[in-house]
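See structure below.
The values are calculated or read from the model by the stated rules, or taken from the named source; none is laboratory data. The structure displayed is predicted, hence computed values, not measured ones. We place every Cβ from the backbone using ideal geometry, glycine too, and count neighbours over all the protein chains shown.
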Amino acid sequence: EAQVTQNPRYLITVTGKKLTVTCSQNMNHEYMSWYRQDPGLGLRQIYYSMNVEVTDKGDVPEGYKVSRKEKRNFPLILESPSPNQTSLYFCASSSGLQQYFGPGTRLTVT
Amino acid sequence: GDSVTQMEGPVTLSEEAFLTINCTYTATGYPSLFWYVQYPGEGLQLLLKATKADDKGSNKGFEATYRKETTSFHLEKGSVQVSDSAVYFCALSMSSGSARQLTFGSGTQLTVLP
């Protein structure tokens, strides 16, 4: 089954404690992306990757890092999380014709 | 920059009512337009799309027509069901027919009552 998986689905952490949210897709897509969803703001793109070792900033990249060492994986790294990064995060991959979204990771930073 | 404006929610309808969710866009060229749906606790799923002016996207009884003259892509359904309760997002892409680099609207929560 074609899918995008994210882990963990839920995470509560404290300010400053580094964390990684994993994202994996099994569709051999070149393009992958991370979004955050906040009430009233829709989805905003954090980072995207056009292919292995090719990443670029989206609209709200501050406080986040990504890497793309393999085609299937695109982890999101928060080196020093802060409360304003409390949000719902979605990973997506695209064949070009549509984007496929993961189930989301709800992150709370206290 | 490019942007998408959706009607504010939440929208509450009775089963079998007619649905319209307005969406307008601002873009420097001719974008591809999308509607995504997010059911509770899930990620977004593509509902329908249109890649050029006057195209009509349709799926599961939902329709939207790409209107260049009014820069709009309103979502409609003739008779909603309880199972249509979800958040609906309008989005655009300037990547020449592709679904990459999406710009989303703020989303519209729809609740359908039995």
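Observations on the model:
- Some residue of region A:65-87 being in contact with a helix residue (DSSP H, G or I) (Cβ under 7 Å, 6 or more places away or on another chain) and not in a loop (DSSP other than H, G, I, E, B): yes
- Residue identified as among the basic types (K, R), at pLDDT 95 or above, crowded, with 21+ Cβ neighbours inside 10 Å and not in a loop (DSSP other than H, G, I, E, B) among A:R106, A:R36: A:R36
- Under the condition of being on the phi < 0 side of the Ramachandran plot, among the charged types (D, E, K, R) and more than 13 Å from chain A (Cβ to nearest Cβ), the residues counted in region B:1-25 number 1.
- Filtered residues of region B:26-55 (kept if surrounded by 18 or more Cβ atoms within 10 Å (Cβ to Cβ), touching a residue at least 40 places away in the same chain (Cβ under 8 Å) and either within 13 Å of chain A (Cβ to nearest Cβ) or over 18 Å from B:F104 (Cα atoms) (or both)): B:S32, B:L33, B:F34, B:W35, B:Y36, B:V37, B:Q38, B:L44, B:L46, B:L47, B:K49, B:T51
- Lone unmet requirement of (1) away from every other protein chain (no Cβ under 12 Å); (2) of a type outside the set (S, T, N, Q); (3) without any contact (Cβ under 8 Å) to a residue 40 or more places away in the chain for B:V80: (3)
- Pairs where the first residue, in region A:90-110, is facing another protein chain (nearest Cβ under 8 Å) and without any contact (Cβ under 8 Å) to a residue 60 or more places away in the chain and the second is hydrophobic (A, V, I, L, M, F, W, C) and in a strand (DSSP E or B), C-beta under 6 Å, 6+ apart: A:Q98/B:L46
- Pairs are defined by a Cβ separation below 6 Å, a sequence spacing of at least 6 or placement on different chains, a first member in region A:69-84 that is under 17 Å from A:D38 (Cα atoms), and a second member that is surrounded by fewer than 16 Cβ atoms within 10 Å (Cβ to Cβ) and of a type in the set (S, T, N, Q); the pairs so defined are A:S82/A:T15.
- Screening the candidates A:E62, A:E1 for the property of being surrounded by fewer than 14 Cβ atoms within 10 Å (Cβ to Cβ), among the acidic types (D, E) and modelled with pLDDT of 95 or more yields one hit, A:E62.
- Test: B:L75 is within 14 Å of chain A (Cβ to nearest Cβ), closer than 25 Å to A:G96 by Cβ and either of a type in the set (G, A, S) or within 13 Å of the chain's Cα centre (by Cα) (or both): no
- Of all residues in region A:56-87, those satisfying the criterion of being over 17 Å from A:T20 (Cβ atoms) and more than 9 Å from chain B (Cβ to nearest Cβ) are A:D56, A:K57, A:V60, A:E62, A:K71, A:P83, A:N84.
- Among residues of region B:83-105, those that are under 11 Å from the mean Cα position of the chain (by Cα) and facing another protein chain (nearest Cβ under 10 Å), counted: 6
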